[in-house]
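Before any comments, here is the structure.
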Amino acid sequence: MAPASTPTHRLSDGTDAPLVGFGTYPLRGEEGIAAMVSALEAGYRYLDTAVNYENEEEVGEALRRSGVPREEVRVATKVPGRFHARDLALQSLHDSAGRLGLEQLDVALIHWPNPSRDLYPQAWQALVEAQQEGLVRTIGVSNFTEAHLARIVEESGVTPALNQLELHPLFPQEQMRAVHERLGILTQAWSPLGKRQAPFAADPVAAAAEAHGVSPGQVILRWHVQLGSMPLPKSATPSRQRENLDVTGFALTDDEVTAITGLARPDGRLFGGDPDTHEEM
Ligand SMILES: NC(=O)c1ccc[n+]([C@@H]2O[C@H](COP(=O)([O-])OP(=O)(O)OC[C@H]3O[C@@H](n4cnc5c(N)ncnc54)[C@H](OP(=O)(O)O)[C@@H]3O)[C@@H](O)[C@H]2O)c1
């Protein structure tokens, strides 16, 4: 079977993304760089950062230290809420490229819509312009609802290539995954394991781990892959980093996938991050 770093997702803009990416929050400083270098050595080829993670310099440094050819890795960053006005968003993208030490950003997202400020369509316009200028290759959003997506598509005529959402077994985002399917948007998953509430010991996860001779973490990441979602697990632990990439050597049955999705709770969000009300600047 192909390693997980093999490009597998074809985005609507013609670029590729691997099956599993690497979440970099809250990796910072020398320890953070070491963790990211070890992730690149393990085979990760997609690094997810953000202005608000305050680690873009570290991501750029890890990329250089790893010796992995620049063109093999996709680096994604995000525009924070305080920079949604068009000119500020463009400046934010230039500043991110500078901190990362990259001429071009592979992926840029709007971090949260912050609807009470009502400026996310301007931020989206800035991303569209940045893509036209060649500063960014792939443009997308994060934490956008169906209504937020509809508004930016209607106002700009441009559909995001991906939407990064909270998605894990306790909150499987069935409705948003269907919306993405209809619009040709890749679903990316943040907190894909469920972070501190990861349901490693829940019956459907533990039973599948036992049946396939893999870890509960691998079961959950394989569940994402079979849903068509691209998970971005974070780990500072080299053995877990390798394990989290190793999800192509087995397949869950349809019943196992359904049982894991059945762990969903109505209040399954980890910290109440409803994009209609939760705002981050
Ligand atoms: N767009 C957004 O609004 C948003 C919001 C939150 C997060 N994110 C992105 O999503 C990424 C991942 O999210 P997250 O860190 O919140 O959640 P996560 O990846 O679900 O969980 C990370 C935690 O799980 C542990 N872990 C990793 N692999 C494991 C395994 N195989 N077995 C057992 N434990 C394991 C890690 O510990 P160790 O490190 O100690 O191994 C860490 O404590 C972030 O880094 C960030 O890039 C985006």
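Observations on the model:
- Pick from the stretch 232-262, criterion assigned to a loop (DSSP other than H, G, I, E, B) and open to solvent by 40 Å² or more (accessible area, probe 1.4 Å), ranking: farthest from the ligand (Cβ to nearest atom): Thr253
- Among the residues of the stretch 128-158, those that are part of a loop (DSSP other than H, G, I, E, B) and farther than 22 Å from Met281 by Cα comprise Gly134, Leu135, Gly157, Val158.
- Elements of the type strands (runs of 3 or more DSSP E) sitting completely within the stretch 1-109 and holding at least 1 residues that are more than 16 Å from the ligand (Cβ to nearest atom) and of a type outside the set (Phe, Trp, Tyr): these cover 7-10, 16-18.
- The number of residues in the stretch 173-223 that are within 20 Å of the chain's Cα centre (by Cα), away from the ligand (no atom under 14 Å from the Cβ) and assigned to a loop (DSSP other than H, G, I, E, B) comes to 2.
- Near pairs, Cβ below 6 angstrom, 6+ apart or cross-chain, from the stretch 164-191 (within 13 Å of Asn143 (Cβ to Cβ)) to any residue that is more than 14 Å from the ligand (Cβ to nearest atom): Thr187/Arg177; Thr187/His180
- Residue within the stretch 13-25 that is among the aromatic types (Phe, Trp, Tyr), within 18 Å of Ser235 (Cα to Cα) and without any contact (Cβ under 8 Å) to a residue 40 or more places away in the chain present: no
One line per residue, one yes/no per condition, for (1) closer than 22 Å to Pro231 by Cα; (2) surrounded by fewer than 24 Cβ atoms within 10 Å (Cβ to Cβ); (3) not basic (Lys, Arg):
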| residue | (1), (2), (3) |
| --- | --- |
| His84 | no, no, yes |
| His94 | no, yes, yes |
| Ala97 | no, yes, yes |
| Ala126 | no, no, yes |
| Gly134 | no, yes, yes |
| Ile139 | yes, no, yes |
| Ala147 | no, yes, yes |
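Here is a yes/no grid of residues against (1) free of Cβ contacts under 8 Å to residues at least 40 places away in the same chain; (2) touching a helix residue (DSSP H, G or I) at 6+ places or on another chain (Cβ under 9 Å); (3) within 23 Å of Ile220 (Cβ to Cβ):
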position	(1), (2), (3)
Leu11	no, no, no
Arg45	no, yes, yes
Val68	yes, yes, no
Ala85	yes, yes, no
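The values are calculated or read from the model by the stated rules, or taken from the named source; none is laboratory data. It should be emphasised that the depicted structure is a prediction, and the values quoted were computed from it without experimental measurement. Cβ sites come from the backbone with ideal geometry, for glycine too, and all protein chains shown count toward neighbours. To get the accessible areas, we keep the full protein, side chains included, count just its heavy atoms, and leave off ligands, DNA and RNA. Shrake-Rupley method; radii C 1.70, N 1.55, O 1.52, S 1.80 Å.
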